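Every read-out reported here was derived from the displayed coordinates using simple, explicitly stated rules and does not represent laboratory data. The shown structure was predicted, so the numbers you read here are calculated from the model rather than taken from an experiment. Cβ placement follows ideal geometry from the backbone for every residue including glycine, while neighbour counts extend to all protein chains displayed.
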Amino acid sequence: MKKKEDRRVLMTKRMLKDALIEILKKKDIYHISIRELCERADVNRTTFYKYYGSQFDLLTDMEKDILDFISKTIKHNETEPEKIMSSICNYLEENLEFVRLIINNNVDPMFAHKLLAMESIKESALNRFSASKSEAEVEYIYNFLTYGAFHMVCAWLNKEKRESPKMLAKLIVQMMLR
């Protein structure tokens with residue numbers, strides 16, 4: 001059984017993640033130093049290296065948080081697509097600053113691929129659409145739906161006056177199930 005992390009560890013990691021978000025607003029990941037990150041987070045470099053090897057490892061951990069949330073949400077709500085999308089949209093809105101950076105600023109150009117290649121997303125789609133379709137048809141449908149939904153979410157996240165996460169989720173699910 002995995003041991004739960006200490007609250008101080010979680011707080012330190014949260015401070016480092018917040019610092020990275022602030023710095024990414026002004027610089028790309030390649031020009032961020034560990035010293036700068038630690039100063040912004042008010043964390044010792046030794047402490048940083050206790051948890052991460054580089055700024056890229058910290059970024060990967062932050063991306064993993066998003067991907068893990070999405071995966072768990074899909075697994076726990078397999079039969080409720082609107083609840084899945086609504087939960088995901090709520091989570092993305094709660095983490096708006098980082099999500100906008102990751103989708104807009106080429107912080108990690110591979111993030112969309114990592115997201116759309118997730119096994120939980122593929123399994124969920126295959127369970128819905130593979131019954132009466134050929135393998136090629138399922139692949140095309142999967143790409144159309146996932147990339148379409150991804151770009152709808154990106155457009156929504158970039159709006160200043162966004163519709164509610166629930167409204168967007170409902171629209172995406174309606175389009176997917178047609």
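For the reader, a short list of remarks on this structure follows.
- Crossing angle, helix 55-76 versus the chain [Cα axis fit, 0-90 degrees, rounded to tens]: 30
- Sequence-ordered 3J(HN,Hα) estimates for region 77-88 from the Karplus curve with 6.51, -1.76 and 1.60 and θ = phi - 60° stand at 10, 3, 8, 10, x, 5, 5, 4, 5, 5, 4, 5 Hz, glycine and proline given as x.
- Look at the alpha carbon pairs under 8 Å that are at least 6 residues apart: their mean separation over the length of the chain gives a relative contact order of 23 percent.
- Under a 5 Å amide H cut-off, with hydrogens placed 1.01 Å from N, Val43 pairs with nothing among residues at least 5 apart or on other chains.
- Rounded to the nearest 20 debye, the dipole magnitude of region 59-177 is 340 debye, with +1 charges on Lys and Arg beta carbons, -1 on Asp and Glu beta carbons, and the Cα centre as origin.
- Overall form of region 1-110 per C-alpha gyration tensor (a/c, 1.5; a/b vs b/c): oblate
- In this structure, the pairs whose alpha-carbon distance is over 27 Å, taken from Lys114/Lys170; Lys25/Lys72; Lys25/Lys170; Lys75/Lys133; Lys26/Lys83, are Lys25/Lys72; Lys25/Lys170; Lys26/Lys83.
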